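Take a look at the structure below.
The values are calculated or read from the model by the stated rules, or taken from the named source; none is laboratory data. Here the structure is a predicted model, which is why all the values come from computation and not from measurement. Neighbour counts run over all protein chains shown; Cβ positions are idealised from the backbone, glycine included. For the accessible areas, the whole protein counts, side chains as well, though only heavy atoms, and no ligand, DNA or RNA atoms are used. Shrake-Rupley method; radii C 1.70, N 1.55, O 1.52, S 1.80 Å.
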Amino acid sequence: MAVDTSAAETTHRVELETAFLDGRHRARRRLFLLRAGLNLCGVALFLLAWESVPWLFPSINPVLFPTPSLVFATFWPMLTSGEIPVNIAVSVRRAATGFLLATVLGIAAGVFTARSRLTEYLTEPLLHGFRSVPVIALVPLSVLWFGIGEGAKVALVATGAFFPIWIATFIGVRDVNLVYLRSAACLGAGPLATMFLVVLPAALPLILAGLRQSMAISLIVLVAAELSGATSGVAYMMSMGHQLFRVDIMFIGLLLLGTLGFAFDRLFVWLTRRLFPWYVN
Amino acid sequence: MAAEKHDVPPAAVNANLTEREKLEIESSFRNEIVATRHRRLRRGLMFNLIGVLIFLAVWEVLPRIVPGVNIQMFPPPSGVIATLYGMLADGQLAAHAWSSLKRVAAGFVIGSSAGILVGLFTGRLALLQSMSDPVLHGLRSIPAIAFVPLAIVWFGLGETPKIALISWGTFFPVWISTFIGVRDVPKLYVQSALSLGAGPLNVMFRVVLPAAMPFVFAGLRHATAVAFVIVVAAELVGASSGLGYLISFSHLVFRIDMMFVGLLALGVLGFLADAAFAALLQRLFPWYRAERS
């Protein structure tokens with residue numbers, strides 16, 4: 001008898017629990033759907049408002065303020081003819097090369113400058129000095145020094161992306177918990193083992209934050225570099241649109257840049273979650 | 001046996017000292033700490049200075065000794081300083097800096113007030129937030145530099161496109177941090193205010209906004225840096241004054257020393273603006289310690 005009642009109680013409890021969980025799950029789902037619906041509504045409203053501008057204000061020149069339908073009509077042939085994919089590929093290659101270069105150099109510089117007191121003090125003012133100069137202002141200088149070739153653009157992107165990585169690595173390595181270092185030393189770790197097995201993993205969260213920031217910066221610098229002189233790339237497409245008074249092409253460029261920036265950021269977040277699941281926030 | 005001798009508890013030692021001796025020990029100990037700290041600070045500053053000097057020396061010497069380097073293309077610091085002095089003396093640099101600063105200030109005020117307003121409303125009203133989120137985040141991920149050609153097509157070459165661009169660029173960091181600050185205001189504050197009979201406006205401006213202030217100021221500080229980047233981008237393309245114009249003009253006339261002066265001025269202005277902001281923050285809101293550094 002006693003066994004029976006306890007079994008019945010257990011099933012009852014399980015039922016209650018599942019019902020409760022189901023209810024919560026459903027509520028959460030409803031909230032999610034509601035939010036997604038509102039998101040969609042917002043985008044639709046925005047597009048609708050934009051589309052209706054020429055109707056509401058007939059004095060506005062549609063060439064200067066093209067509606068979404070017009071932009072899409074230009075977008076589709078450019079996409080199918082391969083013009084847009086080619087430009088995207090060129091831009092992404094430039095940004096990625098510069099970014100990778102900056103990653104390697106920035107982490108190396110950060111580790112090197114933060115590992116000893118002497119180098120830390122020697123380089124700190126230079127670091128802050130360089131950092132306060134906007135990279136965009138270096139574009140004309142780099143055009144004079146390196147020309148307008150592929151190398152100059154990659155160098156510019158690398159320069160812009162370098163400083164956030166350097167600073168983040170510098171702070172991360174400088175502030176590694178002293179206990180970690182002492183424990184490693186007690187266990188007989190050499191300088192190389194300490195560096196790669198203790199210091200870098202401990203500084204990783206900050207380094208990742210720096211990488212994420214400099215990814216956004218490399219896209220910005222890339223745009224500046226391509227606007228100043230290029231024969232291909234998304235921003236080149238935009239500056240062509242400017243010269244031809246094709247505001248619709250410029251809008252397509254903006255749209256592509258926004259999408260690229262957003263996609264890369266998401267990709268980076270996803271990758272860090274995948275690779276370092278223990279650093280989630 | 002020997003170990004036991006050392007085992008005199010510290011209280012017993014203290015008991016043998018007079019009050020005055022205790023004070024003396026304490027003050028000498030404190031003096032020692034202060035002196036060590038000063039010494040360390042001085043040494044740090046000295047190394048800072050040495051680092052800068054090494055950098056300047058290498059830059060001064062390198063263009064002269066490396067064969068095949070055109071000194072016009074890599075002007076050494078002495079040349080840059082001579083140019084800087086000339087431009088300071090005839091007021092040219094101050095004029096350019098002033099017109100850049102005016103643009104930055106105007107754009108910053110417009111963009112950040114819009115950012116705070118939109119942040120307040122999107123942070124308080126869930127409906128508005130859900131509807132505006134994708135559009136605002138979509139616009140935010142477009143680099144502001146990419147709007148420069150569009151701004152020229154729309155607004156021409158005068159002051160308007162530059163101020164519009166700076167407002168656009170400063171809006172997003174201010175909006176997003178205000179939004180986060182407003183969203184994370186402790187519910188308890190709002191509920192207390194409501195139960196004390198505060199209306200929605202009172203809650204918004206006397207409870208939520210002050211509670212979100214640290215975040216707002218973090219956003220504003222970020223926005224000053226953004227404003228200095230965008231003013232350069234805007235002036236590089238079409239302007240007749242300003243530091244960005246100075247740089248692009250020197251580019252056209254191959255005066256790299258003048259470009260360096262422009263870069264230097266930009267760096268100094270950006271640094272000073274940030275420092276002034278931090279000082280102002282400390283002055284106005286000394287209780288927000290986290291935002292100081």
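Within region A:92-122, restricting attention to residues that are free of Cβ contacts under 8 Å to residues at least 24 places away in the same chain and either away from every other protein chain (no Cβ under 14 Å) or in contact with a Gly (Cβ under 6 Å, 6 or more places away or on another chain) (or both), which residue is most open to solvent (accessible area, probe 1.4 Å)?
Of the residues in region A:92-122, the ones free of Cβ contacts under 8 Å to residues at least 24 places away in the same chain are A:93, A:96, A:100, A:104, A:108, A:112, A:116-119, A:121-122.
If we keep only those that are either away from every other protein chain (no Cβ under 14 Å) or in contact with a Gly (Cβ under 6 Å, 6 or more places away or on another chain) (or both) as well, we get A:93, A:96, A:100, A:104, A:108, A:121-122.
Numbers: A:ARG93: 144, A:ALA96: 44, A:LEU100: 108, A:VAL104: 102, A:ALA108: 57, A:TYR121: 48, A:LEU122: 36 Å².
Selected residue: A:ARG93.
Can you tell me which residue is farthest from the other protein chains (Cβ to nearest Cβ) among those in region A:143-169 that are free of Cβ contacts under 8 Å to residues at least 40 places away in the same chain and not in a helix (DSSP H, G or I)? Outline the logic, then answer.
So in region A:143-169, the residues free of Cβ contacts under 8 Å to residues at least 40 places away in the same chain come out as A:144-147, A:149, A:151.
Going one step further and asking which of them are not in a helix (DSSP H, G or I), we end up with A:147, A:149.
Details: A:GLY147: 12, A:GLY149: 17 Å.
Applying the filter and picking the extreme gives A:GLY149.
Select from region A:14-72 the residues that are acidic (Asp, Glu) and open to solvent by less than 100 Å² (accessible area, probe 1.4 Å) and write down the one among them that is nearest to the other protein chains (Cβ to nearest Cβ).
Initial filter on region A:14-72 (acidic (Asp, Glu)): A:15, A:17, A:22, A:51.
This time we only want the ones that are open to solvent by less than 100 Å² (accessible area, probe 1.4 Å), so: A:22, A:51.
Details: A:ASP22: 25, A:GLU51: 14 Å.
The extreme case among them is A:GLU51.
Residue by residue through region B:249-261, note down the ones that are surrounded by 22 or more Cβ atoms within 10 Å (Cβ to Cβ) and either within 7 Å of chain A (Cβ to nearest Cβ) or outside any helix (DSSP H, G or I) (or both).
The answer is B:ILE256, B:MET259.
Suppose the filter is away from every other protein chain (no Cβ under 14 Å) and assigned to a helix (DSSP H, G or I); does B:LEU246 pass it? So that I can check it myself, show each step before the final result.
Numbers: away from every other protein chain (no Cβ under 14 Å): no; assigned to a helix (DSSP H, G or I): yes.
Answer is no for this residue.
Quick one: in region A:240-260, of everything that is of a type outside the set (A, V, I, L, M, F, W, C) and open to solvent by less than 20 Å² (accessible area, probe 1.4 Å), which residue is farthest from the other protein chains (Cβ to nearest Cβ)? Working first, answer last.
Of region A:240-260, the ones of a type outside the set (A, V, I, L, M, F, W, C) are A:241-243, A:246, A:248, A:253, A:258-259.
Okay, now just the ones that are also open to solvent by less than 20 Å² (accessible area, probe 1.4 Å), so A:241, A:248, A:253, A:258.
Working: A:GLY241: 7, A:ASP248: 11, A:GLY253: 7, A:GLY258: 4 Å.
Here the residue is A:ASP248.
State yes or no: is A:SER214 at pLDDT 90 or above and more than 11 Å from every other protein chain (Cβ to nearest Cβ)?
yes
If you go through region A:185-196 one residue at a time, do you hit one that is buried (at least 16 other Cβ atoms within 10 Å of the Cβ) and over 30 Å from A:VAL135 (Cα atoms)?
Taking every residue of region A:185-196 in turn, at least one turns out to be buried (at least 16 other Cβ atoms within 10 Å of the Cβ) and over 30 Å from A:VAL135 (Cα atoms).
For region A:179-216, what are the residues that are free of Cβ contacts under 8 Å to residues at least 40 places away in the same chain and charged (D, E, K, R)?
Matches in region A:179-216: A:ARG182 only.
Taking the condition more than 19 Å from B:ILE152 (Cα to Cα), assigned by TED's automatic domain parsing to the domain that holds A:ILE136 and surrounded by fewer than 21 Cβ atoms within 10 Å (Cβ to Cβ), does A:SER232 pass? Full working, then the answer.
Values: more than 19 Å from B:ILE152 (Cα to Cα): yes; assigned by TED's automatic domain parsing to the domain that holds A:ILE136: yes; surrounded by fewer than 21 Cβ atoms within 10 Å (Cβ to Cβ): yes.
Yes: the conditions hold for A:SER232.
Given the options B:ILE110, B:ILE116, B:ILE71, B:ILE81, name the one that is assigned by TED's automatic domain parsing to the domain that holds B:PHE179, closer than 22 Å to A:SER142 by Cα and not polar (S, T, N, Q).
On the way: B:ILE110 fails: closer than 22 Å to A:SER142 by Cα; B:ILE116 fails: closer than 22 Å to A:SER142 by Cα; B:ILE71 fails: assigned by TED's automatic domain parsing to the domain that holds B:PHE179.
It is B:ILE81.
Please identify the pairs in which a residue from region B:161-186 that is closer than 19 Å to B:LEU127 by Cβ has its Cβ atom under 7 Å from the Cβ atom of a residue that is part of a loop (DSSP other than H, G, I, E, B), counting only partners at least 6 apart or on another chain.
So the pair list comes out empty.
Confirm whether B:SER132 is crowded, with 21+ Cβ neighbours inside 10 Å and in contact (Cβ under 8 Å) with a residue 40 or more places away in the chain. It would help to see each step written out before you state the result.
On the way: crowded, with 21+ Cβ neighbours inside 10 Å: yes; in contact (Cβ under 8 Å) with a residue 40 or more places away in the chain: no.
It is false that B:SER132 is crowded, with 21+ Cβ neighbours inside 10 Å and in contact (Cβ under 8 Å) with a residue 40 or more places away in the chain.
Being hydrophobic (A, V, I, L, M, F, W, C) and either outside the structural domain of B:VAL109 (by TED's automatic domain parsing) or within 23 Å of B:SER113 (Cα to Cα) (or both) is the filter here; which residues of region B:191-208 pass it? Can you show your working first?
Of all residues in region B:191-208, those hydrophobic (A, V, I, L, M, F, W, C) come to B:193-194, B:196, B:198, B:201, B:203-205, B:207-208.
Across region B:191-208, the qualifying residues are B:LEU201, B:VAL203, B:MET204, B:PHE205, B:VAL207, B:VAL208.
Please determine, by comparing only the residues of region B:135-144 that are free of Cβ contacts under 8 Å to residues at least 60 places away in the same chain and assigned to a helix (DSSP H, G or I), which one is most open to solvent (accessible area, probe 1.4 Å). Let's see the steps before the verdict.
First, the residues of region B:135-144 that are free of Cβ contacts under 8 Å to residues at least 60 places away in the same chain: B:135-143.
Going one step further and asking which of them are assigned to a helix (DSSP H, G or I), we end up with B:135-140.
Numbers: B:VAL135: 27, B:LEU136: 24, B:HIS137: 59, B:GLY138: 33, B:LEU139: 44, B:ARG140: 108 Å².
The residue in question is B:ARG140.
Of the residues B:PHE121, B:PHE155, B:PHE147, only one is buried (at least 23 other Cβ atoms within 10 Å of the Cβ) and among the aromatic types (Phe, Trp, Tyr); which?
On inspection, the qualifying residue turns out to be B:PHE147.
Let's see how each residue does on (1) within 14 Å of another protein chain (Cβ to nearest Cβ); (2) part of a helix (DSSP H, G or I); (3) open to solvent by less than 40 Å² (accessible area, probe 1.4 Å):
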site	(1), (2), (3)
A:VAL199	no, yes, yes
A:ALA224	yes, yes, yes
A:MET238	yes, yes, yes
A:PHE264	yes, yes, no
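Suppose the filter is within 25 Å of the chain's Cα centre (by Cα) and surrounded by fewer than 16 Cβ atoms within 10 Å (Cβ to Cβ); does B:ARG283 pass it? Explain how you work it out, then say what you get.
Details: within 25 Å of the chain's Cα centre (by Cα): yes; surrounded by fewer than 16 Cβ atoms within 10 Å (Cβ to Cβ): yes.
Yes.
Looking only at residues that are outside any helix (DSSP H, G or I) and aliphatic (A, V, I, L, M) in region B:176-197, which one is most open to solvent (accessible area, probe 1.4 Å)?
So the first thing to find is which residues in region B:176-197 are outside any helix (DSSP H, G or I), and the list is B:184-186, B:196-197.
Filter again for aliphatic (A, V, I, L, M), leaving B:185, B:196.
Numbers: B:VAL185: 17, B:LEU196: 152 Å².
Per the stated criteria, the residue is B:LEU196.
Looking at B:LEU84, is it part of a helix (DSSP H, G or I), open to solvent by 100 Å² or more (accessible area, probe 1.4 Å) and at pLDDT 85 or above? Don't jump to the end; show me each part of the working.
Details: part of a helix (DSSP H, G or I): yes; open to solvent by 100 Å² or more (accessible area, probe 1.4 Å): no; at pLDDT 85 or above: yes.
Answer is no for this residue.
Tell me yes or no: at least one residue of region A:131-142 is more than 10 Å from chain B (Cβ to nearest Cβ), open to solvent by less than 50 Å² (accessible area, probe 1.4 Å) and either part of a helix (DSSP H, G or I) or touching a residue at least 40 places away in the same chain (Cβ under 8 Å) (or both).
Taking region A:131-142 and keeping what is more than 10 Å from chain B (Cβ to nearest Cβ), we get A:142.
Those left that are additionally open to solvent by less than 50 Å² (accessible area, probe 1.4 Å): A:142.
Remaining after also requiring either part of a helix (DSSP H, G or I) or touching a residue at least 40 places away in the same chain (Cβ under 8 Å) (or both): A:142.
Taking every residue of region A:131-142 in turn, at least one turns out to be more than 10 Å from chain B (Cβ to nearest Cβ), open to solvent by less than 50 Å² (accessible area, probe 1.4 Å) and either part of a helix (DSSP H, G or I) or touching a residue at least 40 places away in the same chain (Cβ under 8 Å) (or both).
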